[in-house]
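Heads up, the thing below is written out as structure tokens.
The values are calculated or read from the model by the stated rules, or taken from the named source; none is laboratory data. Computed from a predicted model, the values in this text were never measured in an experiment. Using ideal geometry, Cβ is built from the backbone for each residue, glycine included, and neighbour counts are taken over all protein chains shown. The protein model used for the area step is the full one, side chains on, heavy atoms only, and it has no ligands, DNA or RNA in it. Shrake-Rupley method; radii C 1.70, N 1.55, O 1.52, S 1.80 Å.
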Amino acid sequence: MSTEDNKATVRRSMEEGWNRGNVAVFDELNAPNWVYHDPGLPQVRTVEDYKRWVTETRNAFPDIHGTIDDLIAEGDQVVARYTIRGTNTGDFVTPMPLPATGKQVSVTAIAIIRFA
């Protein structure tokens, strides 16, 4: 795949998986042996774990919306700087149980995605 194809895959993951809640897209876009690496979420490793976590997050933040701020690709890697915004109207389950606060949240992060 070209770097442009890889960037399109990252965009699709954000738009369809996170913004629309179509977690089945993660099965299509990720290899069966895909591994998620985030030291803050040690219980999320497999595609199934990731789908469950995205679903739980969307339940806690029903109006969640992710925006890709920057997307840079070179070779087999894509770096995405993105912002996730939402209102915490549901209980949060993972990584630890937290009751809903009703507060708006905005988180900016960077992910490095390797394609194989």
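Structure notes:
- Single residue of segment 14-23 satisfying the filter (without any contact (Cβ under 8 Å) to a residue 12 or more places away in the chain and part of a loop (DSSP other than H, G, I, E, B)) that is most open to solvent (accessible area, probe 1.4 Å): R20
- Long-range neighbours under 8 Å by Cβ, at least six apart or interchain, first residue in a strand (DSSP E or B) and at pLDDT 95 or above within segment 78-99, second of a type in the set (K, R) and surrounded by fewer than 15 Cβ atoms within 10 Å (Cβ to Cβ): T87/K103
- Scanning segment 61-75 for residues being aliphatic (A, V, I, L, M) and exposed (fewer than 14 other Cβ atoms within 10 Å of the Cβ) gives a total of 1.
- Qualifying residue in segment 27-45 (condition: aliphatic (A, V, I, L, M) and open to solvent by 60 Å² or more (accessible area, probe 1.4 Å)): yes
- The set of residues in segment 100-116 being closer than 17 Å to R58 by Cβ and not in a loop (DSSP other than H, G, I, E, B) consists of Q104, V105, S106, V107, A109.
- Sole residue being over 14 Å from A111 (Cβ atoms), among the basic types (K, R), open to solvent by 30 Å² or more (accessible area, probe 1.4 Å) and in a helix (DSSP H, G or I), chosen from R58, R11: R58
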